[in-house]
1. In the list Tyr66, Tyr17, which residue meets the criterion of being farther than 21 Å from Ala130 by Cα, of a type in the set (Ser, Thr, Tyr), in contact with a Gly (Cβ under 8 Å, 6 or more places away or on another chain) and outside the structural domain of Ala130 (by TED's automatic domain parsing)?
2. Of the numbered conditions (1) exposed (fewer than 14 other Cβ atoms within 10 Å of the Cβ); (2) at pLDDT 95 or above; (3) closer than 30 Å to Thr82 by Cα, Ala16 satisfies every one except a single condition; which is it?
3. Could you grab me the full set of residues in region 187-206 that are assigned to a loop (DSSP other than H, G, I, E, B) and acidic (Asp, Glu)?
4. So which of Glu116, Glu67 ends up being among the acidic types (Asp, Glu) and surrounded by fewer than 15 Cβ atoms within 10 Å (Cβ to Cβ)?
5. Would you confirm whether any residue within region 107-129 is under 18 Å from Thr29 (Cα atoms) and free of Cβ contacts under 8 Å to residues at least 60 places away in the same chain?
6. Check Ala137, Ala148 and return the single one that is more than 21 Å from Thr82 (Cα to Cα) and either modelled with pLDDT under 95 or not basic (Lys, Arg) (or both).
7. For Gln143, all conditions in the list (1) under 28 Å from Ala84 (Cβ atoms); (2) surrounded by 15 or more Cβ atoms within 10 Å (Cβ to Cβ); (3) in contact with a Phe, Trp or Tyr (Cβ under 9 Å, 6 or more places away or on another chain) hold save one; what is the number of the exception?
Amino acid sequence: MIENLRTRLLALGDPAYGRFNAKLLPGVTGIIGVRMPQLRKLAREILRDDWRKWLAGIEAADTLYYEERMLQGLVISLAPCTIAERLDYTARFVPRIDNWAVCDVFCRKLHADEREPVWQFIQPYFRSDAPYDLRFAVVMSLQNFTDAAHLEDLLRLLGRIRHADYYVRMGVAWAVAECYAKAPERIHEWLRDDCPLDDWTYDKALQKIVESRLTPEPVRQTIRQMKRRKRSTRI
């Protein structure tokens, strides 16, 4: 079953698109060049069949290609199952995430009944040293936990992250910008009040807030002036 799917992926591959994707995913190998609409179509096809058998097969196999990992994430995130079963699959899948694209596609908007179980589930990932464990927790949070009930806890968790990986730090900056869109006064205060972010991440968060179309121009001017221009950028 896995071999047949691999043959189909290879047939769908566009070498030019694969080269383009490779530029966006430095260090990632095995990019065939299958576009996301085609991967989503394949995921829906798997979900109409025995998707549990397919997941068992791909978990046991060596995923040689980027698109195989992307497809595994799509099937897990869309599968019609209980939250407990989905989290079981998720726990086994997260160690396979090795790039920002697979991580971010996997982190979907949750249904109401999934929110609290997932919030509890991702807590240990905030304490991990693995970059894509952290990115997973951060992106899942910015998609789902910038609301008033979770905001203060999320800020505390974001403020504790110290990791040199570019995609972790950019994820944190993105999350702060998403928080700002939901609670601008609170986040402005947090950024002003001895913000615990390292300087590089802090400035990137300001940049993302400024770049947001939701940020009014007068506020952009104020945010630009908060940049830590003269401070060290060390973690």
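1. The match here is Tyr17.
2. It is condition (3) that Ala16 fails.
3. Asp193, Asp194, Asp198
4. One residue alone meets the criteria, Glu116.
5. no
6. Every option except Ala148 fails the conditions.
7. Checking Gln143 against (1) under 28 Å from Ala84 (Cβ atoms); (2) surrounded by 15 or more Cβ atoms within 10 Å (Cβ to Cβ); (3) in contact with a Phe, Trp or Tyr (Cβ under 9 Å, 6 or more places away or on another chain), the one that fails is (3).
Residue by residue, here is whether (1) assigned by TED's automatic domain parsing to the domain that holds Phe145; (2) assigned to a loop (DSSP other than H, G, I, E, B); (3) closer than 22 Å to Asp104 by Cα; (4) at pLDDT below 95 holds:
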| site | (1), (2), (3), (4) |
| --- | --- |
| Leu158 | yes, no, yes, no |
| Tyr167 | yes, no, yes, no |
| Met170 | yes, no, yes, no |
| Trp174 | yes, no, yes, no |
| Cys179 | yes, no, yes, no |
| Thr215 | yes, yes, no, yes |
| Thr222 | yes, no, no, yes |
| Met226 | yes, yes, no, yes |
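The values are calculated or read from the model by the stated rules, or taken from the named source; none is laboratory data. Just so it is clear, the structure is predicted and the values come from calculations on it, not from any experiment. A quick note on method: Cβ atoms are made from the backbone with ideal geometry, for glycine too, and the neighbour counts reach across all protein chains shown.
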